[in-house]
Amino acid sequence: MAKYVRTKELWIGVLEVRPLYGDHPILGNAKGAFVNIVTWASDKEEFKNKAELIIEKLGGLFVSEVHDPESVEGRRGKTVNDFVDDIEDMISRAQDNPNAIIYGTFHMFANDDA
């Protein structure tokens, strides 16, 4: 019986991350942050696993939620304008590296009403 292998493509999504403990080297005393992630994946589950892996490697953070993960091409089809320059840069950096997990700027929030 042939095994079905899903093709990987670039995916994008937004993570909500929070510190495991008080002040954090990246977040300072913020309660958490949102950050864009671009990586190669074949589905939402693989995207989530890779996103959690890179956040774990940063140390002292955990992913509390993954927002709107989808293929870059799928997102482009829904976007009226091009992606902002920061996102285009992330996509460009990941394009030729199948092992890439690229994260953008951490946008901090001060309280839990984010």
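We did not get these values from a lab; they are worked out from the coordinates using the rules stated. On a predicted model such as this, the values are computed, not experimentally measured, just so you know. Here Cβ is always computed from backbone atoms with ideal geometry, including for glycine, and neighbour counts include all displayed protein chains.
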Original post:
In debye, nearest 20: dipole of segment 53-111 around its Cα centre with unit charges on the Cβ of K, R (+) and D, E (-)?
Top reply: 120
Subject >> Nearest 10 degrees, 0 to 90: helix 85-95 Cα axis against the chain principal axis >> reply: 50
**OP:** Give the Cα extents of segment 36-113 along the principal axes, in whole Å, largest first.
**Re:** 32, 28, 20
Original post:
Among 96, 68, what is the fewest-to-most ranking by other Cβ atoms within 10 Å?
Top reply: 96, 68
Original post:
So for segment 14-67, what are the equivalent ellipsoid semi-axes in whole Å, largest first, each being the square root of 5 times an eigenvalue of the Cα gyration tensor?
Top reply: 21, 10, 8
**OP:** Divide by every residue of the chain the summed helix terms, -39500 (n - 2.57) for each DSSP H run of at least 4, and state the resulting mean residue ellipticity at 222 nm, rounded to the nearest 500 deg cm²/dmol.
**Re:** -9000 deg cm²/dmol
